[in-house]
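Quick note: the coordinates plus some simple rules give every number you see, no bench work behind them. These numbers were taken from a predicted model, which means no experiment stands behind them. A quick note on method: Cβ atoms are made from the backbone with ideal geometry, for glycine too, and the neighbour counts reach across all protein chains shown.
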Amino acid sequence: MTNAYQLTNIKLSYQRRLALDIPSLTIPTGKCIALLGENGAGKSTLLKLLAFTSRADKGEISLFGQSIQSSLNSIQRQKIGFVDQHPYLLPGTVEANIKLALKLQDIPVQEHQPLIQLALEQTKTSHLAQKQSNTLSGGELKRVAIARAIVYQPDILLLDEPFSHLDQHHMQLLEELILDFAKQKNKTVVFSSHDRLQGMAISDEIINLVAGQTTASPLLNVFHGTLSEHLFDTGKIQVHSTSTQTESHHIAIDPREIILSAQPLQSSMRNSFSGRLILIAEEEESVRLTVDCGESFHVIISPESLNNLNLSLGKTVCLSFKSTAVTVF
């Protein structure tokens with residue numbers, strides 16, 4: 001099956017700062033994908049590229065195997081639905097706003113009403129059809145904006161921080177909406193979030209983004225600093241790596257590659273730190289620990305290991321990991 005997107009050698013600068021630097025990225029068809037990263041990581045910029053509302057300075061983007069050189073044609077436009085982080089509705093009713101999307105996509109008038117009805121049902125907003133847009137709550141606004149984006153039945157739905165500023169009730173409704181859309185045959189969803197757990201919970205795959213670059217490492221131990229002769233200096237600690245890069249300013253350490261012990265280990269591992277245990281949290285079927293070693297390290301272990309180590313908050317523990325566990329980018 002053809003991939004939804006293929007990005008190659010993408011570079012995009014914003015106000016003289018390199019906002020995206022992606023050598024290669026594939027987004028498969030028929031998946032729900034979470035785009036994770038801190039504020040300023042480049043999530044919104046990447047989504048706008050995927051929506052073709054902005055263009056890269058360099059590189060190529062293919063949509064369903066077709067290289068997009070300039071603007072989308074009408075058929076390609078209908079394949080993508082995009083909802084901005086702060087969606088805006090025009091004055092008027094919800095139904096009028098959704099109908100406008102059909103007009104802009106040149107959908108025949110005779111198809112408007114059944115498509116509007118379907119979009120309202122899919123987003124559970126049928127009861128809002130005649131409500132004025134300026135009277136909607138934040139959660140209602142998000143769902144209506146999605147109804148407007150999917151009314152012409154696109155193959156791809158792009159959502160920028162859809163869960164921001166929502167209460168638990170509307171967050172749950174939105175999660176169900178996203179999952180229902182993603183379950184349809186050959187539908188692709190890409191949504192951004194800074195909430196790693198929520199992203200993992202409802203997605204099939206994850207794209208981690210740090211300072212405009214993708215990384216395979218989970219976004220739990222990401223540190224910024226300078227690299228010199230295999231030694232990465234964060235300003236608080238120094239971490240040994242195997243990298244020979246000289247222009248990199250970020251490292252990531254897989255939390256499952258860190259070994260936790262009560263005493264320093266006698267081993268060949270180059271990286272060893274001691275610190276104070278400041279957090280113990282359940283995470284799916286594992287336990288996530290946070291240890292303050294000057295920098296905060298996150299470690300993922302099994303519940304059995306937690307019991308065996310007899311850990312408690314405030315206790316001093318030791319961390320060890322190999323140089324090869326450090327990803328430099």
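Points to keep in mind about this one:
- Here the mean projected area of the convex hull built on the C-alpha positions of the chain is 19.5 nm².
- Estimated FRET transfer efficiency when R0 is 45 angstrom, pair Leu118-Glu304 (beta carbons, to 0.05): 0.35
- Ile259 paired with Gln15, simple spin-label distance in nm, labels 7 Å along Cα-to-beta-carbon: 4.6
- Gyration tensor over alpha-carbon atoms, region 1-138, equivalent ellipsoid semi-axes in Å: 31, 19, 14
- Among the listed pairs Lys31/Lys58; Lys43/Lys124; Lys48/Lys103; Lys142/Lys236, a Cα-Cα separation exceeding 32 Å is found for Lys142/Lys236.
- For the chain, calculated [θ]222 nm from helices alone, where every DSSP H run of n ≥ 4 adds -39500 (n - 2.57): -7000 deg cm²/dmol
- Binning the C-alpha pair distances of region 197-324 at 10 Å intervals from 0 yields a P(r) profile of 12, 41, 34, 13, 0 %, listed from the shortest bin outward.
- Sorting the segments 249-257, 165-173 by their residues' average number of neighbouring beta-carbon atoms within 10 angstrom, most packed first, yields 249-257, 165-173.
- Using the alpha carbons alone, the radius of gyration of region 119-170 stands to its Kirkwood radius in an Rg to Rh ratio of 0.95.
- Ranked by how many other Cβ atoms sit within 10 Å of their own Cβ, fewest first, the residues Phe52, Phe82 fall in the order Phe52, Phe82.
- Among beta bridges from DSSP that stay inside the chain, the antiparallel ones total about 75%.
- Against the compact-protein benchmark of 2.2 N^0.38 Å, the Cα-based radius of gyration of region 266-310 scales to 1.24.
- Nonlocal amide H pairs with Gly81, under 5 Å, H built at 1.01 Å: Ile156, Leu157, Leu158
- When the Cα positions of Leu179, Ser193, Gln122 are compared along the charge dipole of region 87-221, Gln122 comes out farthest toward the positive end, with charges on each C-beta of Lys, Arg, Asp and Glu.
- Taking all Cα pairs closer than 8 Å and separated by 6 or more residues, the relative contact order of region 5-215 comes to 34 percent.
- Reported to the nearest whole Å, the Cα centre-to-centre distance from region 154-218 to region 1-53 is 14.
- For the pair Thr93 and Thr242 in one chain, pulling the backbone fully straight at 0.36 nm per residue adds 47.7 nm over the alpha carbon distance.
- Alpha carbon convex hull of region 1-75, projected area averaged over orientations, nm²: 5.5
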